[in-house]
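The values are calculated or read from the model by the stated rules, or taken from the named source; none is laboratory data. Values in this document were obtained by computation on a predicted structure and should not be read as measured data. Note that each Cβ is placed from the backbone with ideal geometry, even for glycine, and that neighbours are counted across all protein chains shown.
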Amino acid sequence: MAVRVAGLGEVLWDVYPDARYPGGAPANVAVHARRLGAEGVVASGIGEDASGDALLDALAGLGVNTEAIQRVPDKPTGTVSVRLDADGHPHFDCSRDTAFDHLAWTPALASLSRTADAVAFGTLAQRHPDSRRTIRTFLKETKALRVFDVNFRGFGPETGKIVRETLPLTDVLKLNEDEAEALRGFFGKGGLSDESFLKELVQEYGLRLAVLSLGARGCFLSDGRSHLFSPGFPVRAVDTTGCGDAFVAALIVRYLDGTPLEEAGRFMNRAGALTATRRGAVPVYSIQEVEAVGESTKRGSGKGSRGQKSSGLRNG
Ligand code: ADP
(Lines give C-alpha, C1' and ligand atoms only; values in the text may rest on other atoms or scores of the structure.)
Protein backbone atom coordinates (compact mmCIF):
# COMPACT_ATOMS: atom_id res chain seq x y z
CA MET A 1 0.00 0.00 0.00
CA ALA A 2 1.21 3.52 -0.78
CA VAL A 3 2.50 5.58 2.13
CA ARG A 4 0.29 8.47 3.18
CA VAL A 5 1.91 11.92 3.10
CA ALA A 6 -0.05 14.87 4.50
CA GLY A 7 0.71 18.50 3.63
CA LEU A 8 -0.59 20.53 6.57
CA GLY A 9 -1.00 24.33 6.51
CA GLU A 10 -1.52 26.60 3.56
CA VAL A 11 -3.22 25.84 0.28
CA LEU A 12 -3.69 28.75 -2.12
CA TRP A 13 -3.48 30.00 -5.68
CA ASP A 14 -0.04 30.99 -7.00
CA VAL A 15 -1.01 33.88 -9.26
CA TYR A 16 1.38 34.60 -12.15
CA PRO A 17 0.80 37.55 -14.51
CA ASP A 18 -0.81 35.25 -17.10
CA ALA A 19 -2.06 32.18 -15.19
CA ARG A 20 -2.74 30.74 -11.76
CA TYR A 21 -1.64 27.41 -10.28
CA PRO A 22 -2.54 25.57 -7.07
CA GLY A 23 0.16 26.25 -4.48
CA GLY A 24 1.15 26.54 -0.84
CA ALA A 25 4.26 24.63 0.17
CA PRO A 26 2.62 21.84 2.22
CA ALA A 27 0.00 21.26 -0.50
CA ASN A 28 2.78 21.19 -3.10
CA VAL A 29 4.62 18.55 -1.06
CA ALA A 30 1.46 16.42 -1.09
CA VAL A 31 1.23 16.71 -4.89
CA HIS A 32 4.93 15.90 -5.38
CA ALA A 33 4.61 12.95 -2.99
CA ARG A 34 1.78 11.67 -5.16
CA ARG A 35 3.97 12.01 -8.26
CA LEU A 36 6.61 9.97 -6.43
CA GLY A 37 4.22 7.10 -5.69
CA ALA A 38 2.74 8.05 -2.30
CA GLU A 39 -0.81 9.05 -1.43
CA GLY A 40 -0.77 12.85 -1.07
CA VAL A 41 -3.28 14.41 1.31
CA VAL A 42 -3.83 18.16 1.49
CA ALA A 43 -4.85 19.31 4.99
CA SER A 44 -5.87 22.96 4.85
CA GLY A 45 -8.71 25.43 4.46
CA ILE A 46 -10.34 27.29 1.56
CA GLY A 47 -13.09 29.90 1.43
CA GLU A 48 -16.71 29.29 0.62
CA ASP A 49 -16.05 31.08 -2.65
CA ALA A 50 -15.68 30.33 -6.36
CA SER A 51 -11.91 30.52 -5.99
CA GLY A 52 -12.13 27.76 -3.34
CA ASP A 53 -14.36 25.60 -5.57
CA ALA A 54 -11.88 25.94 -8.42
CA LEU A 55 -8.92 25.15 -6.14
CA LEU A 56 -10.64 22.01 -4.85
CA ASP A 57 -11.26 20.86 -8.43
CA ALA A 58 -7.68 21.64 -9.43
CA LEU A 59 -6.27 19.67 -6.48
CA ALA A 60 -8.52 16.71 -7.22
CA GLY A 61 -7.25 16.89 -10.80
CA LEU A 62 -3.69 16.68 -9.47
CA GLY A 63 -4.58 13.38 -7.83
CA VAL A 64 -4.39 14.37 -4.16
CA ASN A 65 -6.84 13.49 -1.42
CA THR A 66 -8.87 16.60 -0.44
CA GLU A 67 -10.93 15.11 2.41
CA ALA A 68 -9.03 17.10 5.05
CA ILE A 69 -9.67 20.45 3.36
CA GLN A 70 -12.18 22.49 5.35
CA ARG A 71 -14.42 25.29 4.03
CA VAL A 72 -13.89 28.35 6.23
CA PRO A 73 -16.86 30.75 6.37
CA ASP A 74 -16.31 34.47 5.71
CA LYS A 75 -12.63 34.13 4.79
CA PRO A 76 -11.28 34.21 1.24
CA THR A 77 -9.21 31.45 -0.34
CA GLY A 78 -5.52 32.36 -0.05
CA THR A 79 -3.50 33.78 -2.94
CA VAL A 80 0.16 34.55 -3.59
CA SER A 81 1.32 36.84 -6.38
CA VAL A 82 4.41 35.32 -7.97
CA ARG A 83 6.91 37.31 -10.00
CA LEU A 84 9.88 35.57 -11.62
CA ASP A 85 13.15 37.45 -12.02
CA ALA A 86 15.50 36.99 -15.01
CA ASP A 87 17.08 33.87 -13.42
CA GLY A 88 13.73 32.16 -12.88
CA HIS A 89 13.85 32.86 -9.13
CA PRO A 90 10.42 33.58 -7.69
CA HIS A 91 9.36 36.55 -5.52
CA PHE A 92 6.14 36.24 -3.54
CA ASP A 93 3.43 38.48 -2.10
CA CYS A 94 0.95 36.59 0.07
CA SER A 95 -2.61 37.70 0.96
CA ARG A 96 -3.48 37.90 4.67
CA ASP A 97 -6.33 36.73 6.91
CA THR A 98 -7.35 33.99 4.52
CA ALA A 99 -9.11 30.67 4.98
CA PHE A 100 -5.89 28.77 5.72
CA ASP A 101 -5.20 31.13 8.67
CA HIS A 102 -8.27 29.81 10.48
CA LEU A 103 -7.95 26.03 10.47
CA ALA A 104 -10.08 24.26 13.08
CA TRP A 105 -9.30 20.90 14.67
CA THR A 106 -11.84 18.84 12.72
CA PRO A 107 -12.64 15.09 12.83
CA ALA A 108 -10.99 14.82 9.39
CA LEU A 109 -7.73 16.26 10.78
CA ALA A 110 -7.90 14.07 13.88
CA SER A 111 -8.36 11.02 11.66
CA LEU A 112 -5.49 12.08 9.38
CA SER A 113 -3.20 12.56 12.39
CA ARG A 114 -3.73 8.86 13.14
CA THR A 115 -3.39 7.51 9.60
CA ALA A 116 -0.61 9.64 8.02
CA ASP A 117 2.88 8.17 7.67
CA ALA A 118 4.42 11.63 7.32
CA VAL A 119 3.28 15.22 7.66
CA ALA A 120 4.96 18.24 6.05
CA PHE A 121 4.36 21.69 7.50
CA GLY A 122 6.01 25.12 7.75
CA THR A 123 5.73 28.55 9.32
CA LEU A 124 3.36 30.48 7.04
CA ALA A 125 0.07 28.97 8.25
CA GLN A 126 1.31 29.34 11.83
CA ARG A 127 1.25 33.14 11.49
CA HIS A 128 -2.32 33.21 12.89
CA PRO A 129 -3.09 31.76 16.36
CA ASP A 130 -6.04 29.73 15.02
CA SER A 131 -4.06 27.65 12.54
CA ARG A 132 -1.00 27.67 14.81
CA ARG A 133 -3.02 25.92 17.53
CA THR A 134 -4.49 23.38 15.11
CA ILE A 135 -1.16 22.56 13.45
CA ARG A 136 0.53 22.04 16.81
CA THR A 137 -2.32 19.84 18.03
CA PHE A 138 -1.80 17.68 14.94
CA LEU A 139 1.96 17.50 15.56
CA LYS A 140 1.44 16.50 19.19
CA GLU A 141 -1.21 13.87 18.39
CA THR A 142 0.40 12.16 15.42
CA LYS A 143 2.87 9.31 15.20
CA ALA A 144 3.71 10.29 11.61
CA LEU A 145 7.17 11.53 10.60
CA ARG A 146 6.97 15.31 11.21
CA VAL A 147 8.83 17.18 8.50
CA PHE A 148 9.34 20.90 9.10
CA ASP A 149 10.28 22.92 6.01
CA VAL A 150 10.46 26.35 7.64
CA ASN A 151 9.93 28.07 4.30
CA PHE A 152 9.71 31.62 5.55
CA ARG A 153 9.34 34.64 3.30
CA GLY A 154 11.07 37.48 5.07
CA PHE A 155 12.31 36.90 8.59
CA GLY A 156 11.40 38.67 11.83
CA PRO A 157 11.39 37.83 15.54
CA GLU A 158 7.84 36.45 15.24
CA THR A 159 8.99 33.87 12.68
CA GLY A 160 12.01 33.00 14.83
CA LYS A 161 9.70 32.39 17.78
CA ILE A 162 7.50 30.10 15.67
CA VAL A 163 10.55 28.11 14.58
CA ARG A 164 11.83 27.80 18.16
CA GLU A 165 8.45 26.60 19.40
CA THR A 166 8.00 24.17 16.50
CA LEU A 167 11.42 22.47 16.59
CA PRO A 168 10.51 20.32 19.62
CA LEU A 169 7.58 18.98 17.54
CA THR A 170 9.85 18.14 14.60
CA ASP A 171 11.56 14.93 13.43
CA VAL A 172 13.10 16.19 10.17
CA LEU A 173 14.11 19.79 9.51
CA LYS A 174 14.66 21.31 6.05
CA LEU A 175 16.28 24.72 5.61
CA ASN A 176 17.58 26.60 2.59
CA GLU A 177 20.63 28.86 2.80
CA ASP A 178 18.75 32.09 3.52
CA GLU A 179 16.76 30.38 6.26
CA ALA A 180 19.89 28.88 7.81
CA GLU A 181 21.56 32.29 7.88
CA ALA A 182 18.55 34.03 9.44
CA LEU A 183 18.12 31.32 12.04
CA ARG A 184 21.83 31.25 12.94
CA GLY A 185 21.48 34.95 13.74
CA PHE A 186 18.25 34.47 15.66
CA PHE A 187 19.69 31.63 17.77
CA GLY A 188 22.90 33.63 18.40
CA LYS A 189 25.02 31.09 16.48
CA GLY A 190 26.37 33.52 13.89
CA GLY A 191 29.90 32.13 14.28
CA LEU A 192 28.98 28.55 13.30
CA SER A 193 29.37 27.06 9.83
CA ASP A 194 26.22 25.73 8.16
CA GLU A 195 27.42 22.24 8.93
CA SER A 196 28.04 22.84 12.63
CA PHE A 197 24.75 24.71 12.99
CA LEU A 198 22.85 21.78 11.50
CA LYS A 199 24.61 19.31 13.80
CA GLU A 200 23.78 21.48 16.81
CA LEU A 201 20.12 21.61 15.89
CA VAL A 202 20.01 17.83 15.49
CA GLN A 203 21.50 17.35 18.94
CA GLU A 204 19.61 20.07 20.76
CA TYR A 205 16.17 19.14 19.45
CA GLY A 206 16.69 15.39 19.07
CA LEU A 207 16.00 15.59 15.33
CA ARG A 208 16.25 12.43 13.25
CA LEU A 209 17.58 14.41 10.31
CA ALA A 210 18.39 17.98 9.29
CA VAL A 211 18.84 18.96 5.66
CA LEU A 212 20.22 22.16 4.20
CA SER A 213 19.31 22.65 0.54
CA LEU A 214 21.87 24.64 -1.45
CA GLY A 215 19.94 25.43 -4.64
CA ALA A 216 21.71 24.22 -7.79
CA ARG A 217 24.70 23.09 -5.69
CA GLY A 218 22.72 20.28 -4.00
CA CYS A 219 22.31 19.70 -0.28
CA PHE A 220 23.92 18.87 3.01
CA LEU A 221 22.39 16.18 5.26
CA SER A 222 23.05 15.45 8.92
CA ASP A 223 21.44 12.76 11.05
CA GLY A 224 23.68 13.25 14.05
CA ARG A 225 26.02 10.42 13.03
CA SER A 226 26.47 10.79 9.27
CA HIS A 227 27.06 14.24 7.79
CA LEU A 228 27.32 14.43 4.05
CA PHE A 229 27.22 16.73 1.08
CA SER A 230 25.24 15.57 -1.96
CA PRO A 231 26.04 17.52 -5.15
CA GLY A 232 23.22 18.93 -7.29
CA PHE A 233 22.45 18.08 -10.91
CA PRO A 234 23.05 20.84 -13.47
CA VAL A 235 19.90 21.64 -15.43
CA ARG A 236 18.53 24.54 -17.43
CA ALA A 237 16.30 26.17 -14.78
CA VAL A 238 13.19 28.01 -15.96
CA ASP A 239 11.25 28.29 -12.69
CA THR A 240 12.61 27.24 -9.30
CA THR A 241 9.23 27.59 -7.55
CA GLY A 242 8.44 24.26 -5.93
CA CYS A 243 12.00 22.85 -6.08
CA GLY A 244 12.15 22.73 -2.30
CA ASP A 245 8.72 21.08 -2.16
CA ALA A 246 9.72 18.35 -4.63
CA PHE A 247 12.95 17.90 -2.66
CA VAL A 248 11.01 17.51 0.62
CA ALA A 249 8.54 15.04 -0.92
CA ALA A 250 11.48 13.01 -2.25
CA LEU A 251 13.08 13.11 1.20
CA ILE A 252 9.88 11.82 2.80
CA VAL A 253 9.32 8.88 0.44
CA ARG A 254 12.97 7.83 0.68
CA TYR A 255 13.08 8.24 4.46
CA LEU A 256 9.96 6.11 4.85
CA ASP A 257 11.37 3.30 2.70
CA GLY A 258 14.68 3.30 4.57
CA THR A 259 16.87 4.35 1.62
CA PRO A 260 20.54 4.99 2.54
CA LEU A 261 21.39 8.63 3.15
CA GLU A 262 23.65 9.16 0.10
CA GLU A 263 21.23 7.56 -2.31
CA ALA A 264 18.34 9.53 -0.82
CA GLY A 265 20.30 12.79 -1.18
CA ARG A 266 20.81 12.12 -4.88
CA PHE A 267 17.13 11.31 -5.38
CA MET A 268 16.10 14.51 -3.56
CA ASN A 269 18.46 16.61 -5.70
CA ARG A 270 17.13 14.97 -8.85
CA ALA A 271 13.52 15.74 -7.89
CA GLY A 272 14.44 19.39 -7.15
CA ALA A 273 16.42 19.74 -10.38
CA LEU A 274 13.68 18.27 -12.56
CA THR A 275 11.13 20.65 -11.02
CA ALA A 276 13.43 23.61 -11.82
CA THR A 277 13.23 22.75 -15.53
CA ARG A 278 9.44 23.19 -15.69
CA ARG A 279 7.01 26.01 -15.08
CA GLY A 280 4.92 26.08 -11.89
CA ALA A 281 5.43 24.62 -8.43
CA VAL A 282 3.93 21.22 -9.25
CA PRO A 283 4.83 20.40 -12.85
CA VAL A 284 3.84 17.05 -14.30
CA TYR A 285 6.60 14.39 -14.26
CA SER A 286 7.07 10.69 -13.64
CA ILE A 287 9.29 8.95 -11.12
CA GLN A 288 11.27 7.52 -14.07
CA GLU A 289 12.06 11.06 -15.22
CA VAL A 290 13.34 11.91 -11.74
CA GLU A 291 15.56 8.84 -11.71
CA ALA A 292 16.92 9.74 -15.17
CA VAL A 293 18.09 13.26 -14.18
CA GLY A 294 21.86 13.45 -14.69
CA GLU A 295 22.08 9.91 -16.11
CA SER A 296 23.20 11.00 -19.59
CA THR A 297 26.15 12.96 -18.15
CA LYS A 298 27.10 10.15 -15.77
CA ARG A 299 27.15 7.37 -18.36
CA GLY A 300 30.62 6.61 -19.62
CA SER A 301 32.30 8.54 -16.81
CA GLY A 302 33.12 5.30 -15.01
CA LYS A 303 31.87 6.77 -11.75
CA GLY A 304 28.86 4.60 -11.01
CA SER A 305 26.97 5.41 -7.85
CA ARG A 306 26.08 1.87 -6.84
CA GLY A 307 27.66 -0.15 -4.09
CA GLN A 308 28.41 2.74 -1.77
CA LYS A 309 28.00 1.94 1.87
CA SER A 310 26.00 4.22 4.07
CA SER A 311 23.46 4.02 6.81
CA GLY A 312 19.73 4.10 6.04
CA LEU A 313 17.93 7.42 6.45
CA ARG A 314 15.43 5.85 8.77
CA ASN A 315 17.92 4.05 10.97
CA GLY A 316 20.64 6.69 10.99
P1 ADP B 1 13.98 26.11 -1.64
O2 ADP B 1 13.21 25.95 -2.92
O3 ADP B 1 13.32 25.49 -0.47
O4 ADP B 1 14.49 27.52 -1.41
P5 ADP B 1 16.46 25.26 -2.89
O6 ADP B 1 16.42 26.47 -3.77
O7 ADP B 1 17.73 25.02 -2.14
O8 ADP B 1 15.30 25.24 -1.81
O9 ADP B 1 16.12 24.02 -3.82
C10 ADP B 1 15.86 22.75 -3.29
C11 ADP B 1 16.63 21.72 -4.08
O12 ADP B 1 16.18 21.73 -5.44
C13 ADP B 1 18.12 21.92 -4.13
O14 ADP B 1 18.76 21.34 -3.00
C15 ADP B 1 18.48 21.20 -5.43
O16 ADP B 1 18.51 19.81 -5.22
C17 ADP B 1 17.27 21.51 -6.32
N18 ADP B 1 17.48 22.73 -7.13
C19 ADP B 1 17.02 23.98 -6.88
N20 ADP B 1 17.39 24.84 -7.84
C21 ADP B 1 18.11 24.14 -8.74
C22 ADP B 1 18.78 24.45 -9.97
N23 ADP B 1 18.78 25.70 -10.48
N24 ADP B 1 19.42 23.46 -10.61
C25 ADP B 1 19.44 22.20 -10.13
N26 ADP B 1 18.82 21.83 -8.98
C27 ADP B 1 18.16 22.78 -8.29
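What the table shows:
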{"quantity": "Yes/no for Arg153 being under 30 Å from Val15 (Cβ atoms), within 14 Å of the ligand (Cβ to nearest atom) and in contact with a helix residue (DSSP H, G or I) (Cβ under 9 Å, 6 or more places away or on another chain)", "calculated": "yes"}
{"quantity": "Whichever residue in region 171-181 is crowded, with 19+ Cβ neighbours inside 10 Å and either among the basic types (Lys, Arg) or in contact with a helix residue (DSSP H, G or I) (Cβ under 8 Å, 6 or more places away or on another chain) (or both) and, among such residues, is farthest from Met268 (Cα to Cα)", "calculated": "Ala180"}
{"quantity": "Yes/no for Phe148 being free of Cβ contacts under 8 Å to residues at least 40 places away in the same chain, within 22 Å of Gly40 (Cα to Cα), within 16 Å of the ligand (Cβ to nearest atom) and surrounded by 14 or more Cβ atoms within 10 Å (Cβ to Cβ)", "calculated": "yes"}
{"quantity": "So Gly188, is it more than 24 Å from Thr241 (Cα to Cα), more than 15 Å from the chain's Cα centre (by Cα) and either surrounded by fewer than 18 Cβ atoms within 10 Å (Cβ to Cβ) or not acidic (Asp, Glu) (or both)", "calculated": "yes"}
{"quantity": "Filter result for the condition that a residue is part of a loop (DSSP other than H, G, I, E, B), away from the ligand (no atom under 16 Å from the Cβ) and without any contact (Cβ under 8 Å) to a residue 40 or more places away in the chain, over Lys189, Lys199", "calculated": "Lys189"}
{"quantity": "Residue check for Ala237: within 13 Å of the chain's Cα centre (by Cα) and not acidic (Asp, Glu)", "calculated": "no"}
{"quantity": "Pick from region 234-261, criterion over 21 Å from Val5 (Cα atoms) and crowded, with 19+ Cβ neighbours inside 10 Å, ranking: nearest to the ligand (Cβ to nearest atom)", "calculated": "Thr240"}
{"quantity": "Residues within region 24-49 that are in contact with a helix residue (DSSP H, G or I) (Cβ under 6 Å, 6 or more places away or on another chain) and part of a helix (DSSP H, G or I), tallied", "calculated": "5"}
{"quantity": "Subset of region 156-180 that is in contact with a strand residue (DSSP E or B) (Cβ under 9 Å, 6 or more places away or on another chain) and over 21 Å from Ala43 (Cα atoms) - its residue that is nearest to the ligand (Cβ to nearest atom)", "calculated": "Asn176"}
{"quantity": "Residues that are out of contact with any Ser or Thr (no Cβ under 7 Å at 6 or more places or on another chain) and in contact (Cβ under 8 Å) with a residue 40 or more places away in the chain, drawn from region 1-13", "calculated": "Val3, Val5, Ala6, Gly7, Leu8"}
{"quantity": "Residue check for Ala237: touching a residue at least 12 places away in the same chain (Cβ under 8 Å), closer than 26 Å to Val80 by Cα and of a type in the set (A, V, I, L, M)", "calculated": "yes"}
{"quantity": "Selection from region 138-162 of residues that are closer than 19 Å to Cys94 by Cβ, part of a loop (DSSP other than H, G, I, E, B) and charged (D, E, K, R)", "calculated": "Arg153"}
{"quantity": "Candidate set: region 207-233, residues that are buried (at least 24 other Cβ atoms within 10 Å of the Cβ) and polar (S, T, N, Q); chosen: the one farthest from the ligand (Cβ to nearest atom)", "calculated": "Ser222"}
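Conditions (1) farther than 21 Å from Asp245 by Cα; (2) surrounded by fewer than 16 Cβ atoms within 10 Å (Cβ to Cβ); (3) at pLDDT below 95; (4) not hydroxyl-bearing (Ser, Thr, Tyr), marked per residue:
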{"residue": "Gln70", "(1), (2), (3), (4)": "yes, no, no, yes"}
{"residue": "Asp74", "(1), (2), (3), (4)": "yes, yes, no, yes"}
{"residue": "Gly78", "(1), (2), (3), (4)": "no, no, no, yes"}
{"residue": "Phe100", "(1), (2), (3), (4)": "no, no, no, yes"}
{"residue": "Leu103", "(1), (2), (3), (4)": "yes, no, no, yes"}
{"residue": "Pro107", "(1), (2), (3), (4)": "yes, yes, no, yes"}
